[in-house]
Amino acid sequence: MSERTALVTGATGFLGRQVVKAFAFHDWTVKGTGYSRADGTDILKVDLASAAEIEAALEKVKPQVVIHCAANRYPDKVDRDPQGTRALNIEASRALARLCAARGALLVYISTDYVFSGRPGEAPYEADAPTGPTNLYGQTKLDGERAVMDEYREGDGVRVVVLRVPVLYGPVDREKGNGESAVNCLMDVVMGSQGQEAKTAKMDHWALRYPTNTEDVARVCHDVAVRYLGEADKASLPKVLQFSSEDKYTKYEMCALFGEIMGVPLDRIEPNSEGNDPNASVQRPFDCHLSTKALKDLGIDVSTQDFVGWWRRECRAFRH
């Protein structure tokens, strides 16, 4: 393939930035879509609620592959804005898939481990395991999966692939800070718990999480694109893939690790092993660990950065 072009939605976001970098590193022509932070050159201003604006971007960029990172990915925010979330996570995804299908472009739809119920004893989940989201966020992402699949005819071969990933961590935007990640923000919790005036807070010590680096996910997105675009028998390729680190922690365990790295106590952070509050609007699963077998079967590297090592480097916290 002489000229390779990729389009990344949500390119100014937490994962999207790394996906852009991964494709550029491999000498692809890469364009992104954004909105408030679009520069009109590398990042096109596109309202994903507008099929006309999506179509204009596709016509301008003419990508072989589109990596669809844009989504409302915060479960609590999803519950506060269900209508807006459905518009982005489902309907915008459907429109994007329809337009990509019409152009024969490969679409990689980023999804989540929250499509599974996460009941004790069920994980790890294979890509074809029965789904059962416990909250609206997981349901909208599952409905998004179904929407993009519906827009591709069976006879066309695989031109759409879902890539499910767990909770993410990694480099954050300087202006947005650690709030971009449900993992990174725990460092702020730990550091904010220091001092005599800090209040005692409870931290979940029940649900199991598998924090995965955005740089690793971005690498896999690139490798999937190359594998799928280069396969002659596209009908033989799986439509759902999953990627995850094998590092396993509760939120409290991550806080304890950050405290150890930074050399500060956790006196004001208490472990909470009670599980979900039955009255909470967002019910989180216990263990949604994703099997990476489908990726391995394709010969795609599923290695990940060491969680502790990455944070030590990020914080310049090395032992002497």
Open item on the list: Could you check region 49-73 and list, in sequence order, the residues that are open to solvent by 70 Å² or more (accessible area, probe 1.4 Å), in contact (Cβ under 8 Å) with a residue 12 or more places away in the chain and not hydrophobic (A, V, I, L, M, F, W, C)?
Closed with: 55, 60, 62, 73
Task: Of all residues making up region 5-36, the number that are of a type outside the set (Gly, Ala, Ser) and either assigned to a helix (DSSP H, G or I) or closer than 19 Å to residue 173 by Cα (or both) - done: 15
Open item on the list: Restricting to region 87-143, name every residue that is closer than 21 Å to residue 295 by Cβ and surrounded by fewer than 20 Cβ atoms within 10 Å (Cβ to Cβ).
Closed with: 122, 124, 126, 127, 128, 129, 130, 131
Task: Looking only at region 249-297, and only at residues there that are farther than 30 Å from residue 220 by Cβ and charged (D, E, K, R), the one that is nearest to the chain's Cα centre (by Cα) - done: 277
TODO: Of all residues in region 250-291, count the ones that are within 25 Å of residue 142 (Cβ to Cβ) and aromatic (Phe, Trp, Tyr).
DONE: 1
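For residue 174, state whether it is open to solvent by 50 Å² or more (accessible area, probe 1.4 Å), without any contact (Cβ under 8 Å) to a residue 60 or more places away in the chain and under 18 Å from residue 125 (Cβ atoms).
Values: open to solvent by 50 Å² or more (accessible area, probe 1.4 Å): yes; without any contact (Cβ under 8 Å) to a residue 60 or more places away in the chain: yes; under 18 Å from residue 125 (Cβ atoms): no.
Answer is no for this residue.
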Open item on the list: Would you confirm whether or not region 31-39 contains a residue that is touching a Lys or Arg at 6+ places or on another chain (Cβ under 6 Å) and among the polar types (S, T, N, Q)?
Closed with: no
- [ ] Please find, within region 16-38, the residue that is farthest from residue 107 (Cα to Cα) out of those that are open to solvent by 20 Å² or more (accessible area, probe 1.4 Å) and in contact with a Leu (Cβ under 7 Å, 6 or more places away or on another chain).
- [x] 38
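State all residues of region 125-145 that are over 15 Å from residue 73 (Cα atoms), part of a loop (DSSP other than H, G, I, E, B) and within 18 Å of the chain's Cα centre (by Cα); if no residue qualifies, say none. Step through it out loud before you land on a result.
Let us first name the residues in region 125-145 that are over 15 Å from residue 73 (Cα atoms), namely 125-132.
Imposing the further condition that a residue be part of a loop (DSSP other than H, G, I, E, B) reduces the set to 126-132.
126, 127, 131, listed by residue number.
Look at residue 220 and say whether it is over 15 Å from residue 259 (Cβ atoms) and open to solvent by 60 Å² or more (accessible area, probe 1.4 Å). Steps first, please.
Values: over 15 Å from residue 259 (Cβ atoms): yes; open to solvent by 60 Å² or more (accessible area, probe 1.4 Å): no.
Spelling it out, it is not the case that residue 220 is over 15 Å from residue 259 (Cβ atoms) and open to solvent by 60 Å² or more (accessible area, probe 1.4 Å).
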Task: Residue in region 223-238 that is nearest to residue 298 (Cα to Cα), counting only those that are assigned to a helix (DSSP H, G or I) and open to solvent by 10 Å² or more (accessible area, probe 1.4 Å) - done: 227
Open item on the list: So, in region 39-48, exactly how many residues are closer than 19 Å to residue 89 by Cα and either open to solvent by 20 Å² or more (accessible area, probe 1.4 Å) or modelled with pLDDT under 95 (or both)?
Closed with: 3
- [ ] Could you give me the residue pairs with C-beta distances under 8 Å whose first residue belongs to region 246-274 and is open to solvent by 50 Å² or more (accessible area, probe 1.4 Å), whose second residue is of a type in the set (A, V, I, L, M) and part of a loop (DSSP other than H, G, I, E, B) wherever it lies, and which are 6+ apart or on separate chains?
- [x] 262/317; 263/317; 268/198
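State which residue is nearest to residue 242 (Cα to Cα) when the search covers only region 202-212 and only residues that are open to solvent by less than 40 Å² (accessible area, probe 1.4 Å) and among the aliphatic types (A, V, I, L, M).
At the first step, the residues of region 202-212 found to be open to solvent by less than 40 Å² (accessible area, probe 1.4 Å) are 203-204, 207, 209-212.
Narrowing the set further to residues that are among the aliphatic types (A, V, I, L, M) leaves 203, 207.
Values: 203: 28, 207: 20 Å.
Filtering region 202-212 for residues that are open to solvent by less than 40 Å² (accessible area, probe 1.4 Å) and among the aliphatic types (A, V, I, L, M), the one nearest to residue 242 (Cα to Cα) comes out as 207.
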Open item on the list: I'd like to check something: does region 239-259 contain any residue that is basic (Lys, Arg) and part of a helix (DSSP H, G or I)?
Closed with: yes
- [ ] Give the residues of region 37-62 that are within 21 Å of the chain's Cα centre (by Cα) and assigned to a loop (DSSP other than H, G, I, E, B), sorted by residue number.
- [x] 37, 38, 46, 47, 48, 49
TODO: Being among the small types (Gly, Ala, Ser) and touching a strand residue (DSSP E or B) at 6+ places or on another chain (Cβ under 8 Å) is the filter; apply it to region 14-40 and report the residue that is nearest to residue 221 (Cα to Cα).
DONE: 16
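The values are calculated or read from the model by the stated rules, or taken from the named source; none is laboratory data. Keep in mind it's a predicted model, so treat the numbers as computed, not measured. Every residue, glycine as well, gets a Cβ built from its backbone with ideal geometry; the counts of neighbours run over all protein chains shown. Note: areas computed on protein heavy atoms with side chains; ligands, DNA, RNA excluded. Shrake-Rupley method; radii C 1.70, N 1.55, O 1.52, S 1.80 Å.
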